[in-house]
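The values are calculated or read from the model by the stated rules, or taken from the named source; none is laboratory data. Note that the structure is predicted; figures quoted are calculated from it, not measured. Here Cβ is always computed from backbone atoms with ideal geometry, including for glycine, and neighbour counts include all displayed protein chains. In case anyone asks, the SASA skips ligands and DNA or RNA and just uses the protein heavy atoms, side chains included. Shrake-Rupley method; radii C 1.70, N 1.55, O 1.52, S 1.80 Å.
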Amino acid sequence: MKIAVLPGDGIGTEIVAEAIRVLDALDLNFEMETALVGGAAYEAHGHPLPEATLKLAKEADAVLFGAVGDWKYDKLDRPLRPEQAILGLRKNLGLFANFRPAICYEQLVDASSLKPELISGLDILIIRELTGDIYFGQPRGRRTAVDGHFPGAEEAFDTMRYSRPEVERIARVAFEAARKRSKRVTSVDKANVLETFQFWKDIVTEVHKDYPDVELDHMYVDNAAMQLVKAPKKFDVIVTGNMFGDILSDEAAMLTGSIGMLPSASLNSSNQGLYEPSHGSAPDIAGKGVANPLATILSAAMMLRFSLNQAEAADRIESAVKHVLASGLRTGDIWSEGTKRVGTREMGDAVVAAITKKTITG
Ligand code: IPM
Ligand code: MG
């Protein structure tokens, strides 16, 4: 089993280091190879996604990814910006299905800004389409860009676009996932305004005919944003496009207390996957050793389950995380009165210790 490790920028290197220690603690004989990506790759090779990095990712069974980006690259031409690395990986590996589960750990009920009764027991799954939509439509103005901006331009546009097969396959992923859960799918669109999302809605409705055992409802994205904070537990699986999924998954993350807790899996049609925390590179706290590594550690668990066929090892990581939270350790983002504040490394240590102890006691 080969894992391509791409830590990236900012807190990416710190949190991925902890996830690797956790993987090592499982004693499963993975082959891991690390490569530069994002701003780090731009510094070293002049491109955020060098050929060698892409090759490594393509050849691996799974990719463990940290985060990319830093404000200092805001002046680069868009194709050279760190974010293009993750977009390029998603596109080149065909990672169209993005799973972002928002689970509220009982121990973190108080870390959320919402009332405990609204989020206690929360377990929703956002399925975001990841290789289409306005993210990959034709942008205008690249040729005339100066330092990544368009001085004096009179207009700018990006095009929102979906094809039938793109919507069909993500709809199927959502219905299949719902079958393993509470059998409810909410398709989020903006069909009242956008052609692309009327099309989306029609196709999801068509595909639904093959899944009569799953309940489907449709919701406009503005309403979905509101319902997520009003009554989040009403949702089971949410399926939506790339742009809306980007926004709603950040919102859903905060229901769980912190975006530092939210893992993600991005899969292609052969179950090859890229695993990354849903949060970004957080340059403001990079290098300080305070970032929460749990989203990345939980992403590693998803990697074991989805791409490496190691469900039991994934369970071990997830129970170790629960154990550590129950013991009261918290990084700054999830800290609350009465708990113990720890740094990135100590949090990683604690998860490793919980895993190792489990091995000894069988
Ligand atoms: C995410 C991020 C990315 C996105 C950025 C870094 C390109 O926000 O994974 O949610 O917009 O998809
Ligand atoms: Mg995002």
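A few comments on the model shown:
- Estimated [θ] at 222 nm from DSSP helical runs (n ≥ 4, -39500 (n - 2.57)) normalised by residues in the chain, nearest 500: -12500 deg cm²/dmol
- Separation of alpha-carbon centers, region 175-220 and region 223-254, rounded to whole Å: 14
- A 1.4 Å probe, protein heavy atoms only, puts the accessible area of residue 45 near 120 Å².
- Sulfur and carbon atoms: percent of accessible area, region 97-260 [1.4 Å]: 52
- Pairs exceeding a 31 Å alpha-carbon distance, out of 230/322; 180/322; 183/230; 201/322: 201/322.
- Computed on the Cα trace of region 97-260, the radius of gyration divided by the Kirkwood hydrodynamic radius gives Rg/Rh = 1.04.
- Note that region 105-122 has calculated 3J(HN,Hα) couplings of 5, 3, 5, 10, 3, 7, 7, 7, 7, 8, 4, x, 5, 6, 10, 4, x, 4 Hz, one per residue in order, obtained from phi through the Karplus relation 6.51 cos²θ - 1.76 cosθ + 1.60 (θ = phi - 60°); glycine and proline are x.
- Kirkwood Rh (inverse of mean 1/r, distinct Cα pairs), the chain, angstrom: 21.0
- Long-range amide H partners of residue 126 with built H, under 5 Å: 100, 102, 238
- Taking only the C-alpha atoms of region 273-335, the Rg (one decimal) and the largest Cα-Cα distance, Dmax (whole number), read 13.0, 36 Å.
- About its Cα centre, the dipole of region 97-260 is roughly 300 debye, where the only charges are +1 on Lys and Arg Cβ and -1 on Asp and Glu Cβ.
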